[in-house]
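Have a look at the structure below before the remarks.
The values are calculated or read from the model by the stated rules, or taken from the named source; none is laboratory data. Predicted model only: the values in this text are computed from it and were never measured. With ideal geometry, Cβ positions are generated from the backbone for all residues, glycine too; neighbour counts draw on all protein chains shown.
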């Protein structure tokens, strides 16, 4: 989330936030450990993250997601099934990367773009394919509305 859009409004708006001292100290510890130089930077990223969630909730906008799956490449017909799924949704699949983790396990990252419901459906199909050990969809934005 540390990608700050250079096209943001140049005019800054200041606003106040009230919270308990305990909550603020915890927040400061966390943002410092993540490398933020100021509360403002952290709050801007938190707001951007919230807005990405709203884009996904609206289901009308173009979004981007990455599906990461781990599987045993020796599982019968699994590689073909994953390739077939990606080809069947070729308009949404931007690219995929395949990594050999060890003698048996592979990791694949598939980048998808489209409407939120479509991206979720493709991700669900990939993750639920027989032989996939673990999978997860990470939701983000195309950036066009931020």
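The figures follow:
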item: Flag if residue 140 is outside any strand (DSSP E or B), surrounded by 14 or more Cβ atoms within 10 Å (Cβ to Cβ) and either more than 16 Å from the chain's Cα centre (by Cα) or touching a residue at least 40 places away in the same chain (Cβ under 8 Å) (or both); result: no
item: Answer residue from segment 81-92, given it is exposed (fewer than 11 other Cβ atoms within 10 Å of the Cβ) and within 11 Å of residue 122 (Cβ to Cβ) and is modelled with the lowest pLDDT among those; result: 90
item: Output for segment 1-50, where each listed residue is in contact with a helix residue (DSSP H, G or I) (Cβ under 6 Å, 6 or more places away or on another chain) and modelled with pLDDT under 90; result: 1
item: Tally, over segment 93-125, of residues that are touching a helix residue (DSSP H, G or I) at 6+ places or on another chain (Cβ under 6 Å) and crowded, with 18+ Cβ neighbours inside 10 Å; result: 3
item: Wholly within segment 1-102, helices (runs of 4 or more DSSP H) carrying at least 1 residues that are touching a strand residue (DSSP E or B) at 6+ places or on another chain (Cβ under 9 Å); result: 39-58, 78-88
item: Members of segment 130-142 that are in contact with a strand residue (DSSP E or B) (Cβ under 8 Å, 6 or more places away or on another chain) and either closer than 27 Å to residue 48 by Cα or at pLDDT below 95 (or both); result: 131, 135, 136, 137, 138, 139, 140, 141, 142
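One line per residue, one yes/no per condition, for (1) over 14 Å from the mean Cα position of the chain (by Cα); (2) outside the structural domain of residue 136 (by TED's automatic domain parsing); (3) closer than 24 Å to residue 140 by Cβ; (4) without any contact (Cβ under 8 Å) to a residue 40 or more places away in the chain:
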{"position": "35", "(1), (2), (3), (4)": "yes, yes, yes, yes"}
{"position": "43", "(1), (2), (3), (4)": "yes, yes, yes, yes"}
{"position": "88", "(1), (2), (3), (4)": "yes, no, yes, yes"}
{"position": "92", "(1), (2), (3), (4)": "yes, no, yes, yes"}
{"position": "111", "(1), (2), (3), (4)": "no, no, yes, no"}
{"position": "118", "(1), (2), (3), (4)": "yes, no, yes, yes"}
{"position": "123", "(1), (2), (3), (4)": "no, no, yes, no"}
